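Student: Have a look at this one.
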Amino acid sequence: MAIGTCGGMCGASMPQLRAMMNGRARMRVSYTRSMLRGGRTSLGSWLRRSAITIVCLVIVWAFLHVAVREWKRAGNSDHRTELVVMHWSGDGGQEEDQIVDSSLRAFEAANPGIRVRRVNPGDAGSYYTKLMTMLAAGEPPDVFYVGNERVPSFADIGLIRPIEPFLRADRAAHDPTAIDLADFYPATVDAFRFDGTTSGQGALYGIPKDFTTVGFYLNLDLFERAGVAVPGNDWSWDEFIAAARTIGRLPDATGSEFVTWAAMLRAYLMTEGIDVKGEGFDDLTITDPRAVAALERLRAWRHDEDNTLTSGKSKIATGSSVFLSGKVGMAGPFGRWVVPSYRKIPPAGTPGGFRWDFRPLPRGAVASNIVLTVSWSIASRSRHPDEAWKLVKWLTDDRSQRELAGLGLAIPTRKAAAMGPEFSDPTQEPANDAGYLLAAEQAKVVEWPVNPQFESLFASTMDAALKTGTISVREAIDTFLRDWRSESQSPLAKADLSPMPWRNLATIGLAATVGFAGWFVWWARRSRATQARRREERAGWLLASPWVVGFLAFMAFPVVMSLLLSLARWKGVSTLEEAEFAGLANYERLLTDDARLRTSLRVTLYYALIAVPLGQAIALGAAMLMNLKVRGIALWRAAWYLPSVLAGVGVSVLWRWVFDPDGGLMNRMLGAVIGSMDAVLSWFGAGPTGLVSPEWFEADAAVWGAPAFAIMSFWFMGGTMMVYLAGLQQVPIDLYEAASIDGAGRLRRFVSVTLPMLSPVILFNVIMAVIGSFQVFTQAFVMTGGDPNNLTRFYVLYLYNQAFEFYEMGYASAMAWLLLAIVLLLTVILMRTSSRFVHHEGAPR
């Protein structure tokens, strides 16, 4: 009874009772802990299983969603013919986009058997990149925009379809919608003709949708302040320069902006009765004394006079923004495309407002102008050419052109629409709409050769003389003639190359793949692993197979294709079957005959020599500051790191204005510093320093262009700083304490402790910085485009130019392999020489 009621503890001694109670307590604690652990384990397992289930369901839903969508599309009962139309909006913005869209919807309503799918990538640059991708894939849009300057290269490789057969068929069928070319301005039609050698004559490859002539936009308020009479449409270059000089004498004003784009320079020369070319592009007339004299005169206006001409910096700040400042008397030569922006200028008398108007290009020895125009063209691979032609007629009829004319963006190519009130609107500026039409009567087509590099070479060499002033006009002409001769006579220009043996290469590749797979299976089977081990290995390979397949398809295969293309001549806008075998011709030209490539390498190396050491020093210094144990340091670390994750394009736009020579933040700061130095010197009776703020990307681009980009790169030091910070936090504190006991100061501890212990991290960051310095692209592409005179054309930007502007994919592939060789060589040099400077813990001495 006692035992039952006291639980077996009656009669026990006190030590025994304590032992029994402690044991039971331990059992209760152990049980409680096990229950808690079990509960946490069960909860954690449930959460993991739930998360995995949700992820799997989302992935399955995504695949099912796409599959159902495509199944519905494939099973759609809509059997109408589909046409793909591609265009850009540019300065026309959403208004132009909506007008094109409504016109296409109206076309669908009038043609129930046709469905139109519209593609608008945005601006012209994005448009041509997208178009090139679609053309290379063999799936081009049926109808698309083509600028007249691209007709020779597109027609030469058969990308666009001649229009005359459609015109003849319509006339033969007495089609009431037939196009009469007499209704168009003749120069706009001739701009889309190509005879196999040059543009302006031969077969017609598009119907012009709109066009513009060029001239200067005048700030009428500055003309009035300067006391200069506003010129008429028949003004001369003498009147132009007299007005520019007079306006330039006004405080805080410049006479004129004069852009030196290739087409505008040729338009300027045409007013002197001369052009760059003679009978053809093998017979250049730029050495004619009249051409040399006209270019020398333009150079003198820019570089020998103060405030007469601006630097023509519309590649940095667009022509619109320069004129919008209200401090430039004239801006041009520009076409009608700037009008939508200029119409946003506030009325005169309000802040930032002024009156403005347009005048066509001044006359020199003759009155002349040029036509810049865009057509609707039909792809040669279009599956529905007749329906595409019907759409082209719809988009270029009188109604469509009148709708677009109201935007002010361009001039209708049909004379009747151009004369209508939609274009010549007296209620909107410019008042001189007639000036555009007057110039159209005497405008000429700017002819371009098949090779698009002609325009680039001409523009870059002329910039060296006319924009930066680093060389004379004679030197620029000689450089252009040499470079164009090298380009037109290179081994890649030969027309007798054999087709690329893709079938043989594919057979070899397939055989090599099968052989490697067979060898791998044999090697795996000959191992003496147990059945369980082999089963485990097969499971491992099965789990890794998605990555292996992805690596082979999206990494290894493109690398091999790039290597093969480096041995070919292939225009990236045609299909691969058009590629021709060039052997080592790409590499031969790269290493011996490409002056621009050598320039791009010099620019890149100059940048690397500045950006890599200074960038590492700044990142390490910042990391040491961020390693301090002070309140709020986490916020400072985040602030330092944040810029490194910002979009490169947006940051580049910001820095473009920071480095603007006219009022940019950088030059304002330098101006204040120089002013302070001059004030101190004058206090001691000394003369001024004579220093001036640089024109970073213009006249001083040879010296200050690369350093400017290096300064920009310091903005992105956050990632490197974080790596250094992690390294600093791994340095043993004992080493610092021992050094302090030995009497070492801060500098000595930094040199003898911090740097040796950080040396592996420094090596890693230096290697990554060197590789990154050879990959500069976004900043140069957005800010300068490589101008002036290729002085900011980094290696990767030049590679992009070759691939996506000149369509030389074979040559660009060879450039990519050369870049790999350079980076690999520099990395090997750094690794081989690092043993003398890099401390490895436990490494033999």
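Student: Okay, helix-only estimate at 222 nm for the chain: each DSSP H run of n ≥ 4 adds -39500 (n - 2.57), divide by all residues, round to 500 deg cm²/dmol; what do you get?
Tutor: Mean residue ellipticity at 222 nm (helix-derived): -17000 deg cm²/dmol.
Student: Let me ask another. Counting DSSP beta bridges with both partners in the chain, what percentage is antiparallel, nearest 5?
Tutor: For the chain, the DSSP antiparallel bridge percentage is about 65.
Student: Please give the net charge around residue 776, taking every other residue with its beta carbon less than 14 angstrom from that of residue 776, where Lys and Arg add +1 and Asp and Glu add -1.
Tutor: Summing Lys/Arg as +1 and Asp/Glu as -1 gives +2.
Student: Over the Cα atoms of the stretch 639-793, what is the Rg over Rh ratio if Rh follows Kirkwood?
Tutor: On the way: Rg = 21.0 Å, Rh = 18.9 Å.
We get a ratio of 1.11 for the stretch 639-793.
Student: Here is a follow-up. Over 21 Å between C-alpha atoms is what I'm after, so list which of 130/467; 209/571; 277/415; 415/444 land there.
Tutor: Exceeds cut-off: 130/467; 209/571; 277/415.
Student: In the neighborhood of residue 262, defined by Cβ-to-Cβ distances under 11 Å, what is the net charge if each Lys or Arg adds +1 and each Asp or Glu adds -1?
Tutor: Charge balance in the 11 Å sphere: -2.
Student: Applying the Karplus parametrisation 6.51 cos²θ - 1.76 cosθ + 1.60 with θ = phi - 60° to the phi angles of the stretch 516-523, what ³J(HN,Hα) value in whole Hz is obtained for each residue in order, glycine and proline being reported as x?
Tutor: So the Karplus estimates, Gly and Pro as x, are 5, 5, x, 4, 5, 5, 4, 5 Hz.
Student: Where a ≥ b ≥ c are the square roots of the eigenvalues of the C-alpha gyration tensor, would you call the stretch 236-394 rounded, which needs a/c under 1.5, or, failing that, prolate if a/b is larger than b/c, or oblate?
Tutor: Oblate shape, in that a/c is at least 1.5 and b/c is the bigger or equal ratio.
Student: Continuing with this model, one more query. Between Rg and the Kirkwood Rh of the chain, both from Cα atoms, what is the Rg to Rh ratio? Intermediate values should be presented prior to the final figure.
Tutor: Numbers: Rg = 35.3 Å, Rh = 32.6 Å.
That ratio equals 1.08.
Student: With no solvent and one equal point scatterer placed on each C-alpha of the stretch 99-202, evaluate the Debye formula and give log10 I(q)/I(0) for q = 0.22, 0.24 Å⁻¹, two decimals.
Tutor: At q = 0.22, 0.24 Å⁻¹ the computed log10 ratios are -1.39, -1.35.
Student: Let me ask something else. By count of other Cβ within 10 Å, fewest leading, how are 174, 839 ordered?
Tutor: On the way: 174 7, 839 11.
The fewest-first ordering by Cβ neighbours comes to 174, 839.
Student: Rounded, prolate or oblate for the stretch 363-460? Axes are the square roots of the Cα gyration tensor eigenvalues, ordered a ≥ b ≥ c, and the cut-off for rounded is a/c under 1.5.
Tutor: Details: a/c = 2.45, a/b = 1.06, b/c = 2.30.
Note, shape of the stretch 363-460 comes out oblate.
Student: Kindly put 832, 359 in sequence by how many other C-beta atoms sit within 10 Å of each C-beta, fewest to most.
Tutor: 832, 359
Student: I've got another one for you. Among the aspartates and glutamates, select those whose C-alpha is under 14 Å from the C-alpha of residue 327, and discard any that sit fewer than 8 residues away in the same chain.
Tutor: Filter leaves 221, 224, 252, 257, 662.
Student: For residue 119, what residues show an amide H to amide H distance below 5 Å, using hydrogens built from the backbone and excluding near sequence neighbours?
Tutor: 85, 86, 87
Student: Give, as a single signed number, the net charge of other residues whose beta carbon lies under 13 Å from the beta carbon of residue 601, with Lys and Arg counted +1 and Asp and Glu -1.
Tutor: Neighbour charge sum, excluding residue 601 itself: +3.
Student: Listing 436, 587, 145 from the residue with the fewest other Cβ atoms within 10 Å to the one with the most, what is the order?
Tutor: Ordered by Cβ neighbours within 10 Å, fewest first: 587, 145, 436.
Student: Using only alpha carbon pairs under 8 Å that are at least six residues apart, calculate the relative contact order of the stretch 276-399 and give it in whole percent.
Tutor: Working: 62 pairs, mean separation 11.8, N = 124.
Computed over the stretch 276-399, the figure is 10 percent.
Student: Work out from phi, with θ = phi - 60° and the Karplus expression 6.51 cos²θ - 1.76 cosθ + 1.60, the ³J(HN,Hα) of each residue of the stretch 272-279, listed in order in whole Hz, and give x for Gly and Pro.
Tutor: 9, x, 9, 9, 6, 9, x, 5
Student: Additional query: Which longest run of the chain has no exposed loop site in it, a site being GluC sites (Glu not before Pro) in a DSSP loop with at most 15 other beta carbons within 10 Å, and the site itself not part of the run?
Tutor: 442-840
Student: While we're on this one: Taking a ≥ b ≥ c as the square roots of the eigenvalues of the Cα gyration tensor of the stretch 546-657, is the shape rounded (a/c under 1.5), prolate (a/b larger than b/c) or oblate?
Tutor: prolate
Every number in this text was worked out from the coordinates using simple rules, so none of it is lab data. No experiment lies behind these values; they were computed from the predicted model shown. Counting neighbours? That spans all protein chains shown, and the Cβs are built from the backbone with ideal geometry, glycine included.
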